[in-house]
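> Below are the structure tokens for one structure; questions will follow.
FYI, it's all coordinate maths here, none of it is from the lab. This structure is a prediction, so every number in the text was calculated from the model and none was measured. Ideal geometry is used to build each Cβ from the backbone, glycine not excepted, and the neighbour counts take in all protein chains shown.
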Amino acid sequence: MYEDLKIILWPDPRLRKTSRPVEVFDDSLAALSARMFELMREFKGVGLAAPQVGLNIRLFVANPTGEPGDNRIFVNPHLSDAEGEAEADEGCLSLPGIDATILRSKSITIRAQDVKGQPFELVSDDFPARVWQHEFDHLNGTLLMDRMGPADKIAAKKKLRELEEKFEEALPKKKKS
Ligand code: ZN
């Protein structure tokens, strides 16, 4: 049902939207999550948010270790109890070729529902905390450019322009009049 799903790239406008809550926990949600894990693995990511496959719903998948048993689906997530600060390099599957030093909370609590709608809560003060914050940003249309420092922004400029040109080229051509 979701075989054709692809990772969308900057500047696709769906990456900038605020996503809506998931209300129905059905087989289709499970199928979507399974396909998102496939894409995440294929492109060697540690997380993937629904807007990155063009669906503006509040869901992301993550696996900070790469171990199959550590796959986890976060539906309608909330972040709280942010503590401390930590800087590290981040990339994004929707911004290929760009990486930047991003300041995040060191420790965070995440409350979410699983694919069946069951609530759960996790706490991390390590890499998973960073992944959750990155993916959560996607659900509000926030991207790395919004959080990177001025030097990284300048460094990313050329790559962003290339992505923008590619996006323009792929759009259906308007007839000249
Ligand atoms: Zn991302």
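> Which condition breaks for Val75 when tested against (1) within 16 Å of the ligand (Cβ to nearest atom); (2) in contact (Cβ under 8 Å) with a residue 12 or more places away in the chain; (3) surrounded by 16 or more Cβ atoms within 10 Å (Cβ to Cβ)?
Failing condition for Val75: (1).
> Is region 99-108 home to any residue that is of a type outside the set (Gly, Ala, Ser), within 30 Å of Phe25 (Cα to Cα) and surrounded by 13 or more Cβ atoms within 10 Å (Cβ to Cβ)?
yes
> List pairs: first residue in region 33-47 and more than 14 Å from Met1 (Cα to Cα) and touching a residue at least 24 places away in the same chain (Cβ under 8 Å), second residue outside any helix (DSSP H, G or I) and away from the ligand (no atom under 15 Å from the Cβ) anywhere in the structure, Cβ distance under 6 angstrom, at least six positions apart or on different chains.
What qualifies is Phe37/Asn71.
> While we're here: Looking only at region 11-45, how many residues end up being surrounded by 14 or more Cβ atoms within 10 Å (Cβ to Cβ) and either among the acidic types (Asp, Glu) or farther than 26 Å from His78 by Cβ (or both)?
Going through region 11-45 one residue at a time, the tally reaches 4.
> Name every residue in region 98-123 that is assigned to a loop (DSSP other than H, G, I, E, B) and either among the hydroxyl-bearing types (Ser, Thr, Tyr) or within 13 Å of the ligand (Cβ to nearest atom) (or both), in order of residue number.
Taking region 98-123 and keeping what is assigned to a loop (DSSP other than H, G, I, E, B), we get 98, 114-118.
Passing the criteria: only Ile98.
> Still on this structure, I have one more. How many of the residues in region 37-72 are part of a strand (DSSP E or B) and over 18 Å from Phe127 (Cβ atoms)?
Going through region 37-72, the residues part of a strand (DSSP E or B) turn out to be 47-49, 57, 59-62, 72.
From what's left, over 18 Å from Phe127 (Cβ atoms): 57, 59.
Adding up the residues that qualify gives 2.
> Name the residue that is farthest from the ligand (Cβ to nearest atom), counting only residues in region 127-177 that are in contact (Cβ under 8 Å) with a residue 12 or more places away in the chain and part of a loop (DSSP other than H, G, I, E, B).
Gly149
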